[in-house]
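First the structure, in the form of structure tokens, and then the observations on it.
The values are calculated or read from the model by the stated rules, or taken from the named source; none is laboratory data. Because the structure is predicted, anything quoted here is derived from the model rather than measured. Cβ sites come from the backbone with ideal geometry, for glycine too, and all protein chains shown count toward neighbours.
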Amino acid sequence: MLKNIIIFLGQLVLIQIFISCSSADTTETNNGLENKLWNENDSEMIADSIVSKLLLSEWNTKFTTKRKPKIIVGSIEDLTNEKIDTDVIAKNIERSLINSGDVTFISSKSNREMVRNDRKNKNDFDDDIELKKYLEPLKSDFFISGNVKLNVDSISIPKKNEYKLTLEIIKTKDLKSVFITSQTLNK
């Protein structure tokens, strides 16, 4: 008799577990989908994080104590299968750098507009000579370019997206890469 009660209670617990699991809503809402894709908040967060790395690295501390380095933020390439607004990422990087007070940007309005209208990435140039010709009239010390990649882990449940922002800082005088860094964002 006691054995039958224990078996009955065990079955009751199992039924309750199955019922509670099957009643869970497994459909993905639009809001849930949006949280898995890149958005403007992600852009701001990753820009702030990567700029912190940039400013603490040797290229900045070794530059000079006489003045702050002048920087151009070029374009950020979207190498994902999503439509990420990379101009927003570039603007957030500029904002973070300006707010740090550790660097300066081109002060001439015409130069700033030229860069804004004609954002370039290092990969847009056939060779280093063309890149140098582009940067020379801008009178900057460093040029920043980069890309965003997406790695999707579809094996894990739920599927995980890993966004990776990579930035490269190039010294405009000799076109040598002085710093490369990456920041990942998992969603």
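Can you name the residue in segment 141-185 that is outside any strand (DSSP E or B), over 20 Å from Thr104 (Cα atoms) and among the aliphatic types (A, V, I, L, M) and is also modelled with the lowest pLDDT among such residues?
The qualifying residue modelled with the lowest pLDDT is Ile157.
Within segment 81-90, is there a residue that is exposed (fewer than 15 other Cβ atoms within 10 Å of the Cβ) and in contact with a Leu (Cβ under 9 Å, 6 or more places away or on another chain)?
Yes, segment 81-90 has at least one match.
Pick from segment 128-177 the residues that are surrounded by fewer than 17 Cβ atoms within 10 Å (Cβ to Cβ) and among the β-branched types (Val, Ile, Thr): which of them is nearest to Ile50 (Cα to Cα)?
By that ranking, first place goes to Val152.
Whether any residue in segment 112-129 is modelled with pLDDT of 85 or more and of a type in the set (A, V, I, L, M) is what I want to check. First the steps, then the outcome.
In the first step, residues of segment 112-129 are kept if they are modelled with pLDDT of 85 or more; the result is none.
No.
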